[in-house]
Amino acid sequence: GTKQTSDPAPQAVEPNSIIKIGVISPFTGPAARTGQEFKDSITMAFSEINNKVGEHPIEFKWIDSESDAEKAARAYESAIVNDKITVGFMDWHSWVSVSCMEVAAKYKMPHFFSYGATDVVNQKYKSDPGKYEYWLGKAWPTPEKLSIGYVKAVEEAINKGLWKPANKKVALFGVDNDWGRGFCAALAEQYKAAGWEVVSTEWVGLGETDFYPLLNKLKGLNVSMVAGTMSDPSSVSSLIKQSKEVGLKSIIASDGLGWVGEWYKLTGDASDYVIDQIPQWTTPEAKKFQADFKAKYGYEPGAAVAGMSYDYSKFMIKVLEATEKDYGSITTENLFKEGKEKVMTGQLTYTDGLLMKEYKYTPETFPDPVIDQDHYMFPVVQYFGGKGSVVWPDAYKNADLKIPNQ
Amino acid sequence: MILETIGVCKRFGGLKAVNEVSLQVEEGQIYGLIGPNGAGKTTLLNTIAGVHPPEAGKVFFKGQDITGLRADKICHIGMARTFQIVHSFPNMSVLENVMVGSVFGSRRPVDKPAKKAAEMLNFVEFPLSHDTLAGNLNTIQLKRLELARALATNCKLLLLDEVAAGLTPGELIDLTILIRKIRDNGTSIIMVEHLMKLIMDVCDKIAVLCFGEKIAEGTPQETIENQKVLEAYLGTKYVL
Amino acid sequence: MLEISGIDASYDNLQVLWDVSMNVGIGEVVAVLGPNGAGKTTMLKSIMNLVSVNKGKIHFLGQDITGKPIHELTKVGLAFVPEERNLFPAMTVMENLMLGAYTIRDKKTIKETFSRVFDLFPRLAERKKQYAGTMSGGERQMLAIARGLMSNPKMLILDEPSMGLAPQNVLAVFETIKRLSSEKVTVLIVEQNVNTTLTVADRAYVMEQGRIVMEGSSSQLQGDDHIRKMYMGIV
Amino acid sequence: MEKAERGFRKGMRFLRKFGLTPFGMAMLFALAVFPLVIQDEVITRLLISALMLGALAMAFDFTAGFININNFGYAAFWGVGAYTSALLAVKLGVSPWLGMLAGGVFAGLLGLGLGFLTLRLAGIFASCMTWFVALAMFAVTANWVELTRGTSGLSVPPLFHTTENIGYYYTIFVMTILTYVGLRVIINSHIGTAFRAIGQDIQAAQASGINVTKYKIMNFTISCAIAGVLGGFYAHFVGIITPTVMNTSHTVEIMVLSYVGGRGTIWGGLVAGLIMIPGMEYLKGLLELRLLIYGVLMIMVMIFFPNGLAGLYNKFFNLLGESFFEKGQRVKKGGEERGGRAEMKN
Amino acid sequence: MDPIQLFNIVLTGLLRGGLYALMAVGLSVVFGVMNIPNFAHGEFYMLGAYFSYFAYTNFHFGPVSSILCAALGTLIIGAVMEKTLFYPLRKRSKKNWIMNTFLLTLGISIVLQNGAKMLWGNTYRGITQYWPGNISIDSFKISNDRVVGFSIAMLTIAVFWLFLNKTRMGRAIRAVSQDETGASIVGVNLNVIHTLTFALSCLLAGLAGAILLSISPAYPFMGLQPLYKSWFVLILVGMGNVGASIYGGLIVGLLETFSYMKFGAGWQDVVSLAIIILILIFKPRGLFAKKGVKSISE
Ligand SMILES: Nc1ncnc2c1ncn2[C@@H]1O[C@H](COP(=O)(O)OP(=O)(O)OP(=O)(O)O)[C@@H](O)[C@H]1O
Ligand SMILES: Nc1ncnc2c1ncn2[C@@H]1O[C@H](COP(=O)(O)OP(=O)(O)OP(=O)(O)O)[C@@H](O)[C@H]1O
Ligand SMILES: CC(C)C[C@H](N)C(=O)O
Ligand SMILES: [Mg+2]
Ligand SMILES: [Mg+2]
C-alpha cells in the first residue's frame, strides 16, 4: 500500500539563526569560468560584512548548474531538501532559470536576482504569476531592451558617413539555447526595423571552439555585419580569434566577448574593431574593486560578471537586513514577503553600485529591472588592444565607431 | 535422394572457392568429401548449411529447394552440422550446450530436452562429466560435443567437417563404429575428412574436390584408383 | 640435451601432468605418443612456460629453464611449433620468417638461414609475398616449421604437425623432419600418426592420462602389442 | 508438519521461478518498509535514484550479460522514453502514466530498429553501432528545437503534486520489481538459453536452429522498452529534461553499476545501485575528489574484482558451502577466458 | 556552390581530418595490439594540450619544443599507466579482457579529468597562436598553426607507419597484434611491446592536443569530442589499419564540414553519423578492412 498524505503540513517556522544562501551557478562545465567569478565576488561582498547580517551568520551553498537545466534543477532541489537553504540567489543561464523557477515554485523558495535574461523567463513568469512569483527579479533585462545599441551604434556611423557599407546585410550567430535564440530573435527584429536584411542565422553548440566551417560560411555570405552571442568564454574568444585567421572582413558585434576578465589573452589583437555591449569599470569605486579583486584572487574580473554580482550581493544584503527589520526574523517566508512587497514594488532599491546608478524593479518592468540612463544601462564599446572605447550611447561616448579597411 | 546440389558456385573476391559442384546424396548414404587443403570442402558445406548463400546453383533437400535459406531454418528442416573449427558455447556446461540443439533444433520442440541431450551425450560416448564447462574442453572433446549437439536436433542429414582430425588409430575405430550407428539410426551423413582410413571404411560414395571443382566421384575403391585423385590428393607414395 | 624431471602441471584446479620425466639427447628425434587429452600438448607447453609447472624441473643444455619467460627460450635455442600454428595471418611469408629470426641481430646469419629454409621449402620461396592467412593448411604448416627454424634453434619442438593436412602434405612434413634430423637438429615431436612417426623417430615415449607409461626405441615400440592395438589400429 | 514443509518447499520453488530467493525477498521486504520506518525525504529521493538506476542496470545487463553486446547507447533510449512521455504530457496533455507506457513503446520500437542495425555486427563493432545511433538520437533531440526546446530543456509536469516523494518511491519500487521478475522469467526460460547461446557463439547458435535475428531483436526491444518506461518515470520525477539525459556518461553510469554488480546476473546491477548511488551522494561534499574516488574505485574493481559483487558474493558463499541463488545465476569461472578471446578477435 | 567556397570547405575539412587521423591511429594501434578499447584516449589529448600550454606560457619554450614536451610527457604517463594498471590487470585475469579494460579506461578517464580539474581548475588555458600569421591562397586565408599542425600530423603518421612496417620493433608490434603466443614463441617480449605500444599511442594523442592548443584551449573536459571523432574514424576504416586511418580521418573531416555547410551546426552530427551508420550497415567491418586475411584467421 502506498502511503498518501494530503498536503504537507506547513513547515514549522522557526527563526533560523543561520542563513543559508543557495547560489546557483555553473561551477563546472563550459561556463565554469563565469561561475568562479560569481563565487569570488559574492564571497568578497559578504566577507565585507563578516558574513553576518544582524546576529545571523551567513553560509553559502554553492549549487553547481553545470550549465545544464536538468542538473541544475536537481542540484537546486537537493539544496532545498537536503541542505535546507533559506533563500536562493543568482544563476547565469536562462535555461537554468526556466527549470529552477519550477523548483522554486514547488518548494515556495524565494529566489533573488537571477541572470537568466531572455524572454522565455519573462514569458514563463507571466504565464502564471501566482505560481512563479518566487522568482524574485532578474539581474539582467531581456536582450531586446538593451541590444538596440548594436543597431543604433552602426546606424549612427552610417548616418555620420563614417561607414559606407557595401550592403545592408547582417548574419547572426548564437549559442543554440534559450539565450542565443532569444538574443538573436531580438536582434533580428531590431536590424530589420532599421532596414537591414538578415541573411542567415547560425547556431553553435555550447562549448564549441572550432569555427572554421562557420566562419567560412559567413565569409561566403559577404555580409557587412556579423552579430551574435555565446554563453561561454572559450567559445566566444575562439570565434573572434579565428575570424581574423580566416580573414572575415565584416564588422563583428559579439555580445559578451568581455564577460570574463582574461578574454584578451585568448583572442589577441583579433578582437580589434569588435563591438560588444557591456558595462565598464568607470567609477573610482569600480576601479578599486577591480584592483582588489585581482589582488585577492589573482585574475582579472569581468565587469558584467564579477562586478555586477558584487552589486547584487550588496542588494541582497540590503534585502536581508530589511527583512529582519520588517518582520523581526529572517526566514524563507519573510524573505519572500519582503521580496514581493518591497523589492518588486520598487520600495527597496540599491543605489550607487559599482556599475549602475540604481538597481530598481517596478511592477511594470518586473521581473526586469528598470532600464534607463539613471538606472541600468550598458554602453556599446569597441575594442582595440583589449581596451574598450565607448561608442554608444551619446551620454557615455568617448569615441566614434571605427571601420576596418573592408 | 536426400540432398542434391546443382552447379553450386561460391567465390571469395577473385577466388573461386567452389565452382559448379553438383552432388547427389541418397537417403541412408554416408557420403565422403575429400580433397587437398583449400579445395573448398568446408566452403561447400557452408553453402549447403546456409552460412553463406551460393552465388549460383541450387541446393535441394528432400526435393525442396533450400538455396540461400538461413542456417537456423535449414537446421529446422532436418539438416545439422559440425564445424571444422569448433564452435561451442564456452560459458555453458556440456549438457546445456547439447540442450541448445534439442530445444531449438527442430521445429517442434522435444518434450524433455534435458533427457534428450543426456541421451545424445551418452550416445557419442562423451568422456567427461556433463557439468563440465565447454570452455574447459580440448578440441577433440569439443568435436564430440558438437556431434552430440547436432544429433540432438533430430536431423535427417548430418554434415561432418573433419571430426576425426587428431584421433589416434585406436580412437578412430570407435568413431567408425559411432558413425555407422548414426547412419543405422536413419541419419544420412556427408563427411569431410583427410583420414583416408576412415573414409575408406565407412563411406558408400566419395567425391573429390580440387580447386573448387569436383574432379572425381564414385565408390571409395574406384576413387583411390583414379589417377587424377592420386596426383592431386593422395600423392603417389601414399599408404593407408 | 633436454631433461624433464618429475613435473606436475595443471589448469586452474585440474591437474593434467603427474610426475612426468623424459630426456632428449643431442641430434635425436624423439616422439611422444598418446591418446587425446593425455597431456602431450600440456607437456610441450610446460617446456615453453606457456603453462606453469607446479613441481619438478626442466633443464635444457644443462641450464635450468623452469619458469623462464617464453621470449627468452628462443635465445637459448628452443623453437616451438604449436598445434595452433600461431602464424601472423596479416603478414607475408617473408615477414613471418623475419619475425622467426627476431632474436638474431646479425644480418648475415639471417641471410644464410633464409637460404637454408628456402632450400628446405622451395614452396615458400615461391610465395614470399603471400599473406600467411591466405595459405592452405599444408602451406601454413610448412611456414610454421620454417619460422621455427629461422632462429637457428638447437632443438625443434613440434605439436601434431600433420593434423588436418591432406595426405600428400602429411608426407611432405615427415620428409622435412627426416631432413632436419639428417642436418643434426634435435626434434621433439608429438603426433597421432603413429605409424609414420615411428618411421622417423629414434625413440618414443607413450603418455596416458598425464603419466609416462612406456618408453623405448621406435623398433621396440613398433613391435609392442599394446601400441599396435591402441595406436596403430592393428588388431 | 511434513505437509507444511513440503508446501513451503513447493512455494519456494515457485518463487524461484521468478528469481526470488529467500535472501532477495528479505531485501525486497526491507526496501518496501524502509520509507515507512525512516521518513526522510533526502533518503527517499536517494533510494528512488538508486532503484531507477538499478533497474536500468538490470535491463542493460539483459543485453550485455546475455547476448554479449554492450549497448553503449543505452541512455539514449532512456532519454527517448523521457522525451516521449514529457512531450505527450506537455503538448497533448496526456496523463503521465499513459505517457510512461508510450515512452516504453516508442523506445522499444527504436530498440527494435537498433536490433536490426546490429545484426551483422559483433563485439566492439556492434557496441560502436549502438553508440553512433545514440549519438545521432542525441543530436536530433538537441537540434529539433521547435519540438524539444533543444539544449534549453523541457519542463515536465509531475506525477504527484506534493513535495513528498513517497509516491514516486513506491512507483519505482513496483517498476523495479516488475523489471527484475520479468527479466528473470525470460532468462530462466528457453529464450534465455537462446540469448546466452547467441552471446557466446553466433555461428553455433544458428547452426543449432536458433533464429538469431528474432532473438537479438527481441532482446533489444525488451531492454530498450524498459529503459523507455523508466525514462518516462524519470522525466516526471525530476520535472525537467534536457538532451543530456541521453549522454554517454549516463550509459557509463548504468554500465558501471551492471559491471560492478556482476555481468550476466541481472540482480547485480540493482545491488550495486543500492550501494553505490547513496555512497556517491554521501561523498558529494568532496566535489571533484568524489569523482576521482569514483574513478579510482572503478579501476580497483576492474583490476581486483573483475567479476564484480556477484563474484565476491559467490566466493563468499562458496566458502560457506552455501548457495542462496540459483546455479544459473552464478558467474561462471574458467570458460570465460575463451569467450573473452573470441570477443576480441571479432 | 562557387569554386572558392568549395575550395574553402575542402581545405577546412582536410585540416580537421588530419588531426582526427592522428588521434585515430593511436586508438587503433592500442586496440589492435592490446585489445584495449581506450576511452581515455581523449584525456591524453587533454594532457598534451596542458603540457604544451605550460611549456609555452610558463617556461617560455618555443612552439616546437612545447609540442615535443607534450609528446614526451604523454609518452611517459602512458608508459607508467600501462605498467601500473594494465599490466597487473593482464596478470590477474584475461577473462572478459575487452570489457574489463574498457571500464578501466573509463575509470582512468574520470580520474584524469577530475585530477586535471583539481590541479589546474576550470579555466581555459589557451594561446593565441604558435606561429602568428596566415597563409593566403587567393581569397582563402588560413592560419599558420593549422597548416603546420596538419603537416606535423601527416609527418607523424608517416613516420609511425614506417616504424611499424620497416623496423624490427614495429614488426614485433604488428606480430603481437596478430598472434600473441606466436610472437612470444619467436622471442618477442610481450611486456615491452605492450608498454611501448600504449605509450606511443598516448604520445600520438598528446601530440594532437598540443598541436591544436591554439584552436581548442586546454580544459579538463576537452577530450570528449576528439574521442568521439577518433572512434568514428576507427570504426569507419576498420580495426588496426594505420594507413587507412588517414583516409578515414580526412573522410570524417570532409563529411563534417560539408554537412555543416548544408545543414548547419548540430545537424552536421546527425548527417555525418547517419552516413557512418549507413556505411557500417553495408560494410560491417569498416571501409578498409583487409579482405580475406582476417576471416581466415578467425
Ligand atoms: N571467408 C573466406 N574469405 C576468403 N577466402 C576464404 C574464406 N573461406 C575460405 N576461403 C578460401 O577458400 C578456399 C577454400 O577453403 P575451404 O576452407 O573450403 O577449404 P577446405 O577444402 O575445407 O580445406 P581444408 O582441408 O584445409 O579444411 C581456400 O583457398 C580459402 O583460403
Ligand atoms: N586451457 C585449458 N583449460 C583447462 N583444461 C585444459 C586446457 N587445455 C587442456 N586442458 C585439459 O588438459 C588435458 C590434457 O590436454 P592436452 O591438450 O595436453 O592433451 P593432448 O595429449 O595434447 O591431446 P590432443 O591429442 O587432443 O592434442 C585434457 O583433459 C584437457 O581437457
Ligand atoms: C548575458 C547573460 C547574463 C545571459 C545569460 N547567459 C542567459 O542565458 O540569459
Ligand atoms: Mg575445411
Ligand atoms: Mg594436443
Seminar exercise, completed: Of C:E95, C:E84, C:E72, the only residue that is touching a helix residue (DSSP H, G or I) at 6+ places or on another chain (Cβ under 9 Å), in a helix (DSSP H, G or I) and free of Cβ contacts under 8 Å to residues at least 12 places away in the same chain is C:E95
Exercise. Given the stretch D:96-171, what helices (runs of 4 or more DSSP H) lie entirely inside it while holding 2 or more residues that are among the small types (G, A, S)?
Worked result: D:96-117, D:123-143
For this session: Just name the residue that is nearest to the other protein chains (Cβ to nearest Cβ) out of those in the stretch C:117-142 that are buried (at least 21 other Cβ atoms within 10 Å of the Cβ) and touching a Phe, Trp or Tyr at 6+ places or on another chain (Cβ under 8 Å).
Result: C:A132
For this session: Answer yes if at least one residue in the stretch D:59-70 is surrounded by fewer than 24 Cβ atoms within 10 Å (Cβ to Cβ), in contact with a Gly (Cβ under 8 Å, 6 or more places away or on another chain) and not aromatic (F, W, Y), and no otherwise.
Result: no
Seminar exercise, completed: The residue from D:T176, D:T162 that alone is at pLDDT 95 or above and not basic (K, R) is D:T176
For this session: Only strands (runs of 3 or more DSSP E) wholly contained in the stretch A:48-133 count here; list those with 3 or more residues that are farther than 25 Å from D:Y282 by Cα, under 17 Å from the mean Cα position of the chain (by Cα) and of a type outside the set (S, T, Y).
Result: A:111-114
Exercise. Looking at the stretch E:112-128, which of the residues that are open to solvent by 30 Å² or more (accessible area, probe 1.4 Å) and assigned to a loop (DSSP other than H, G, I, E, B) is farthest from A:D269 (Cα to Cα)?
Worked result: E:T123
Seminar exercise, completed: Expected output for the stretch E:136-149 (first residue surrounded by fewer than 24 Cβ atoms within 10 Å (Cβ to Cβ), partner among the charged types (D, E, K, R), Cβ below 7 Å, 6+ apart or cross-chain) is E:K141/A:E245; E:I142/A:E245
For this session: Examine the stretch A:341-357 for a residue that is under 22 Å from the mean Cα position of the chain (by Cα), of a type in the set (D, E, K, R) and modelled with pLDDT of 95 or more, and state whether such a residue exists.
Result: no
Exercise. Here are B:L167, B:L198, B:L158: which of them is open to solvent by less than 40 Å² (accessible area, probe 1.4 Å) and within 16 Å of ligand 5 (Cβ to nearest atom)?
Worked result: B:L167
Exercise. Has the stretch C:4-16 got any residue that is open to solvent by less than 60 Å² (accessible area, probe 1.4 Å), away from ligand 5 (no atom under 16 Å from the Cβ), under 22 Å from C:S181 (Cβ atoms) and modelled with pLDDT of 90 or more?
Worked result: yes
For this session: From B:L145, B:L137, grab the single residue that is more than 8 Å from every other protein chain (Cβ to nearest Cβ), within 16 Å of ligand 5 (Cβ to nearest atom), of a type outside the set (S, T, Y) and free of Cβ contacts under 8 Å to residues at least 60 places away in the same chain.
Result: B:L137
Exercise. If A:A72 passes every condition in (1) open to solvent by 20 Å² or more (accessible area, probe 1.4 Å); (2) facing chain D (nearest Cβ under 10 Å); (3) hydrophobic (A, V, I, L, M, F, W, C) but one, which one does it miss?
Worked result: (1)
Exercise. If we scan the stretch C:144-155, do we find a residue that is within 13 Å of chain B (Cβ to nearest Cβ) and either open to solvent by less than 10 Å² (accessible area, probe 1.4 Å) or polar (S, T, N, Q) (or both)?
Worked result: no
Problem set entry | Within the stretch A:77-96, considering residues that are facing chain D (nearest Cβ under 10 Å) and under 14 Å from A:Y134 (Cβ atoms), the one nearest to ligand 2 (Cβ to nearest atom) | A:E77
For this session: Sort out which residues of the stretch C:63-109 are open to solvent by 40 Å² or more (accessible area, probe 1.4 Å), farther than 24 Å from C:E126 by Cβ and within 8 Å of chain E (Cβ to nearest Cβ), and write them in order of number.
Result: C:P69, C:E72, C:K75, C:E84
Problem set entry | Positions within the stretch A:367-382 being touching a Leu at 6+ places or on another chain (Cβ under 9 Å) and open to solvent by 10 Å² or more (accessible area, probe 1.4 Å), in sequence order | A:I371, A:M377
Exercise. Does any residue of the stretch B:57-80 turn out to be among the β-branched types (V, I, T) and under 23 Å from B:V229 (Cβ atoms)?
Worked result: no
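Quick grid of which residues meet (1) within 12 Å of C:N36 (Cβ to Cβ); (2) crowded, with 20+ Cβ neighbours inside 10 Å:
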{"position": "B:G135", "(1), (2)": "no, yes"}
{"position": "B:L145", "(1), (2)": "no, yes"}
{"position": "B:A148", "(1), (2)": "no, yes"}
{"position": "B:L151", "(1), (2)": "no, yes"}
{"position": "B:E162", "(1), (2)": "no, yes"}
{"position": "B:E171", "(1), (2)": "yes, no"}
{"position": "B:D174", "(1), (2)": "yes, no"}
{"position": "B:R180", "(1), (2)": "no, no"}
{"position": "B:R183", "(1), (2)": "no, no"}
Exercise. Among the residues of the stretch B:141-172, which ones are among the aliphatic types (A, V, I, L, M), away from ligand 2 (no atom under 16 Å from the Cβ) and not in a loop (DSSP other than H, G, I, E, B)?
Worked result: B:A148, B:A150, B:L151, B:L157, B:L158, B:L159, B:L160
Problem set entry | Residue, nearest to A:E77 (Cα to Cα), within the stretch D:118-142, restricted to residues that are open to solvent by 20 Å² or more (accessible area, probe 1.4 Å) and free of Cβ contacts under 8 Å to residues at least 24 places away in the same chain | D:V140
Problem set entry | Scope the stretch E:232-277; condition open to solvent by 40 Å² or more (accessible area, probe 1.4 Å) and of a type outside the set (A, V, I, L, M); matching residues | E:G240, E:Y247, E:F258, E:K262, E:F263, E:W267, E:D269
Seminar exercise, completed: Considering residues that are open to solvent by 20 Å² or more (accessible area, probe 1.4 Å) and part of a helix (DSSP H, G or I), the number found within the stretch A:242-262 is 1
Exercise. Quick check: is even one residue across the stretch B:111-127 open to solvent by 10 Å² or more (accessible area, probe 1.4 Å), within 12 Å of chain D (Cβ to nearest Cβ) and part of a loop (DSSP other than H, G, I, E, B)?
Worked result: no
For this session: Might you check whether a residue that is assigned to a helix (DSSP H, G or I), in the same structural domain as D:M58 (by TED's automatic domain parsing) and more than 30 Å from D:R13 (Cβ to Cβ) occurs anywhere in the stretch D:182-194?
Result: no
Exercise. Could you say whether any residue in the stretch D:76-87 is assigned by TED's automatic domain parsing to the domain that holds D:C224 and open to solvent by 30 Å² or more (accessible area, probe 1.4 Å)?
Worked result: no
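The values are calculated or read from the model by the stated rules, or taken from the named source; none is laboratory data. A quick note: this is a predicted structure, and the numbers were derived from the prediction, not measured. Note that each Cβ is placed from the backbone with ideal geometry, even for glycine, and that neighbours are counted across all protein chains shown. Only protein heavy atoms, including side chains, enter the accessible area calculation; ligands, DNA and RNA are left aside. Shrake-Rupley method; radii C 1.70, N 1.55, O 1.52, S 1.80 Å.
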